[in-house]
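Written below as structure tokens is the structure these notes are about.
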């Protein structure tokens, strides 16, 4: 008797994830209706974000936050990928055994630091440095992109490392036994062998970066304009939501839900592609 | 030989990358400690936000995280058990497992928006329960994942032994398998807890923040993380200092729990 | 016509080997000659050190730093006729050169994640051979020498992972043979294969020895007695007995050897 209840309850728990997922889509879609009907797909290329008088009506377009999200993520990915790969190579093929464990833990601690701490540190310590090297205000697309890169590096490195570690020792030894150098073994054997995991880690990190909020909120400037230079301030979907969601009403609020829906759809798709096609069963 | 040179170059670059990574870690931790410790006074811990301290914030953040844990753990563990034990090999279980995995990386701000729509808007005010639900939604998939993984790690033998001894299926599962996985599951819970206690975005428009000490979850609820976000943007130096103090404390909490979790996995055998 | 002239191509002299962190040497005062164009088998119970000794011959232990060598492993320099101690090699390009002269085939087939053609051409490309015509010819010859040309010739561009276990192992042999090594080391090459594939590979080895010297570690005594010209029996890191295979199996000099051969332990 208890067995059946237990089974049913655990089944219910298992499907909870699924229902929450569906629920999120449903709620977001529902509450974005007003904006969806008013603006349709034009929302995606409209640069204006202007509440009307009395907070009713207005013209809202998601172009700037969407572009900001994509650009900051792009900068982050370009900077993070080579470094993350380098770290993974270091941990799997270069570091002597005694160093691997402490280094790995250090990398994972870097990943555990909350986003808002990256924001604080970035704003007060890193932004001035970017300013002195690149000009601008310190706060802008570039700073946000760089700090975002720092945030996803440990994540990407850890997954890539785990993937590379699945390469059987005998396979590597075979390559050495033919006279390959360490780099050649990595390039011709290890990386092709763990290709799926490596690509998956890159795509997954991209998905994570898209939704990153707090650090970017501190550093991107929160200005509703397209950045002319890479150091100019702009905004992104998570940042716009973080700053303005609570006060928005009516059409503006509906437009916020529209943005949230876009963000959720895109990052969900990206992450799902990474998990389903490349990564198999992983605990990240 | 060109090959050897290329080899050396790549290896050196990789090593440099690793040290860059570690370098950032130390840079952040050192700055944080320096600024944070300088900003801490006794009042930081004895006063609430309204009085320039963070007492209520720490209590508030922990309260919400703990209750979220109490909600999320049974659901997550049971779901993990289901996936591994009953749904073993079924396409449905596989789908749920991957979907759950995807949810662990979902943008936390969207979850905040979602819970706002469900629990804040209808009620008309921010409330602690909404914050708890948002945190729980983030936690459940993480715990499902770690429970699932732990159970998968060669507990087949234990399970078979249990069945040989008699006993209904669910009793065996709960007793034997879970006991053996206890360490792994505890680690999973600790790591999930460390993850959500540092979260800000899901709380921004669910539980928001509260300067006063309160345990009333139907009202806006104090949060350490949301406070940091607010304080950092105020122009006055005191707020800035408090933000650093809070950041330092938060980081210490998160890293300690994280290290604890890893410490337990070390002693597994 | 069988030549009676025995040339030593490799000579292990008073060789000790200690694994990283181990309190005592795993291999103790090993002395072993390897004769040209002969198959030398290393047999012994699990843990006797036969694989360890084999792996010292192409310095593959160097991949896992922290070990200790003592003694010498001399390799015949074909040009000068002199024996050179390969344990003295330090530089990376010297080790690479060594491994191009002494190849190794492992217990589990290890095809690289690339096409059949690229697998065989891999070592050649590393050596700098780029001309497609040259490569084509060398790949074909190697695949023929590895007794896998017929099965591979229509699938050269396909992934090597699509081959069966036995085929993959022959591919690995072809891959090593392509470099025209002087010595090939085999570490239990058929223990993961079915009997038919095993037979095919044993036949292959008998053919290969006409041009290449072979050392093979095996825990299958029947294989050793079928295949090899000389046999070494090892126990707990010592070389107990080394002699012509016939002698070892029919009339061993040491009692321990006899006990092992007759199955009294193992």
- prompt: With a ≥ b ≥ c the root eigenvalues of the C-alpha gyration tensor of chain C, is it rounded (a/c under 1.5), prolate (a/b larger than b/c) or oblate?
  reply: prolate
Helix A:97-112 vs. chain A, principal-axis angle (Cα, 0 to 90°, nearest 10): 10 degrees
- request: May I ask you to derive the FRET efficiency for residue C:64 and residue C:238 from their Cβ-Cβ distance with R0 = 30 Å, giving the value to the nearest 0.05?
  value: 0.85
- prompt: Taking the Cα atoms of the protein assembly as shown, what is the range of coordinates along each of the three principal axes, in descending order and whole Å?
  reply: 107, 69, 57
task: Estimate the FRET efficiency between residue B:152 and residue C:8 by the formula 1/(1 + (r/R0)^6), using the beta-carbon distance for r and 41 Å for R0, to the nearest 0.05.
output: 0.15
- prompt: Shape of region C:116-242 from its Cα gyration tensor (a ≥ b ≥ c, root eigenvalues): rounded if a/c is under 1.5, otherwise prolate when a/b > b/c, or oblate?
  reply: prolate
message: Angle check, please: helix A:250-273 long axis (alpha carbons) against the longest principal axis of chain A (alpha carbons), in degrees 0 to 90, nearest 10.
response: 20 degrees
- request: Please report B:67, B:96 as a ranked list, fewest other C-beta atoms within 10 angstrom at the top and most at the bottom.
  value: B:67, B:96
message: Which of the three applies to region B:1-96, rounded, prolate or oblate, going by the alpha-carbon gyration tensor with a ≥ b ≥ c and a/c under 1.5 meaning rounded?
response: oblate
- prompt: Among B:36, B:184, B:21, which one moves the most in a GNM of chain B with springs linking Cα atoms closer than 10 Å?
  reply: B:21
- request: Would you mind telling me which residue in B:22, B:54, B:249 has the biggest mean-square fluctuation in a Gaussian network model of chain B, where springs connect alpha carbons within a distance under 10 angstrom?
  value: B:22
- line: Most fluctuating of B:107, B:141, B:235 in the GNM of chain B (C-alpha, under 10 Å) is B:235
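Is it possible to state the helix-based mean residue ellipticity at 222 nm for the protein assembly as shown, with each DSSP H run of 4+ residues giving -39500 (n - 2.57), the sum divided by total residues, to the nearest 500 deg cm²/dmol? What is it? Spell out each step's value before the answer.
Working: 34 runs with 475 residues, N = 819.
Counting only the DSSP helices, I get -18500 deg cm²/dmol.
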task: Please average, across the residues of B:198-206, the number of beta carbons from any other chain that are within 10 Å of each residue's own beta carbon, and give a whole number.
output: 5
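Can you check how the C-alpha radius of gyration of chain B compares to 2.2 N^0.38 Å, as a plain ratio? Can you show the working numbers first?
On the way: Rg = 22.4 Å, N = 269, 2.2 N^0.38 = 18.4 Å.
So the Cα radius of gyration is 1.22 times the expected 2.2 N^0.38 Å.
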message: Please arrange B:73, A:185 by how many other C-beta atoms lie within 10 Å of their C-beta, fewest to most.
response: B:73, A:185
query: Where does each of B:101, A:42, B:236 land when they are ranked from fewest to most other beta-carbon atoms within 10 angstrom?
result: B:236, A:42, B:101
Cα-based Rg / Dmax (Å) for chain A: 22.3, 76
message: Using only the alpha-carbon atoms, how far is helix C:165-177 inclined from the longest principal axis of chain C? Give it as 0 to 90 degrees, nearest 10.
response: 90 degrees
task: Give me the distance between the Cα centres of region C:44-98 and region A:9-82, rounded to whole Å.
output: 63 Å
- request: For region B:201-234 and region C:147-226, compute the distance between their C-alpha centroids and round to whole Å.
  value: 69 Å
query: Over what distance in Å are the Cα centres of region A:118-186 and region B:126-149 separated?
result: 29 Å
- request: Provide the FRET efficiency to the nearest 0.05 for the residue A:4-residue B:182 pair, computing r from the beta carbons and using R0 = 22 Å.
  value: 0.30
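What does the structure give for B:114-121 when I average, per residue, the other chain Cβ atoms found within 10 Å of the residue Cβ?
Mean shielding count: 4.
Enter the mean number of other protein chain beta carbons within 10 Å of the beta carbon of each residue in A:102-114, as an integer. Spell out each step's value before the answer.
Details: counts 1, 4, 1, 3, 5, 4, 4, 9, 7, 3, 11, 11, 15.
Average per residue, whole number: 6.
Bear in mind that the values in this text are calculations on the coordinates, not laboratory data. Just so we're clear, the structure is a prediction, and the values are computed from it rather than from any experiment. Cβ atoms come from the backbone with ideal geometry, glycine included; neighbour counts cover every protein chain shown.
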